[in-house]
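K.L.:
One structure coming up, written as structure tokens, with questions to follow.
Read-outs: derived from the displayed coordinates by stated rules, not from any lab. Values in this document were obtained by computation on a predicted structure and should not be read as measured data. Ideal geometry is used to build each Cβ from the backbone, glycine not excepted, and the neighbour counts take in all protein chains shown.
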Amino acid sequence: MSSAKAKGEAVVLGQIGRVHGIKGWLKLISFTVPIENILDYPCYRVNIEGSEQELEIDEHRRQNKALLVHFKGYDDPERAKQLTGIELTIAGEQLPRLDSGEYYWHQLEGLKVVNQKDELFGRVSNLLETGANDVLVVAADSESIDDRERLIPYLVDSVISKVDLENETIRVNWEADYLD
């Protein structure tokens, strides 16, 4: 599973962090796994003060566990500071195709989660990366059996029995009274 996040047809790959240094470099918060995968895309769509624009990374480097980037045309800290907090997006069709049974996180967010007894737990609000396995965070909604938030491990074939994107449902082997 990949952790890119979707917003409509656009997929959010990362967010621009704070300015680094005096030449317009910025910290880049990548939502991709591994974090360097964000650099596979030549241009990003961004929304700057209500105007959709394209940004291009012309230089990048790794600093410890972070990525530092320089965007073409943003050569000083004052100009670069305008980009702080902006999300980098691409069109969903630019993402690599996955093998059958594999999903991007943004495809799972918002899906209904139902157990083997047809009890609706709610919808996937987000996912957590724990190291051992990913975890679905299932938020209750008005149709849920109760108002509990559930953390359900994303373990294919043992806990996750079926992901049905067409019907927007994930079927799980999980009891309503399991403790999270």
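K.L.:
Gain in length, Ser142 to Lys81, computed as 0.36 nm per residue apart minus the alpha-carbon separation, to one decimal in nm?
P.N.:
17.8 nm
K.L.:
Next question. With a 10 Å cut-off between alpha carbons and a GNM built on the chain, which of Glu78, Glu49, Glu143 moves the most?
P.N.:
Most flexible of the set in this elastic network: Glu49.
K.L.:
Where is the GNM fluctuation largest for the chain (alpha-carbon springs, 10 angstrom cutoff): Thr32, Thr89, Thr130?
P.N.:
In this elastic network of the chain, the residue with the biggest mean-square fluctuation among Thr32, Thr89, Thr130 is Thr130.
K.L.:
Running a GNM on the chain with Cα contacts under 10 Å, which residue among His70, His20, His106 ends up with the highest mean-square fluctuation?
P.N.:
Of His70, His20, His106, the Gaussian network model singles out His20 as fluctuating most.
K.L.:
Another question, then. Quick check for the stretch 1-156: number of Lys pairs with alpha-carbon distance under 13 Å, counting only pairs 8 or more apart or on different chains?
P.N.:
Lysine pair count for the stretch 1-156: 4.
K.L.:
Sticking with the crude label model, points 7 Å out along Cα→Cβ, report the distance from Gln63 to Val33 in nm, one decimal please.
P.N.:
Between Gln63 and Val33, the label points sit 2.7 nm apart.
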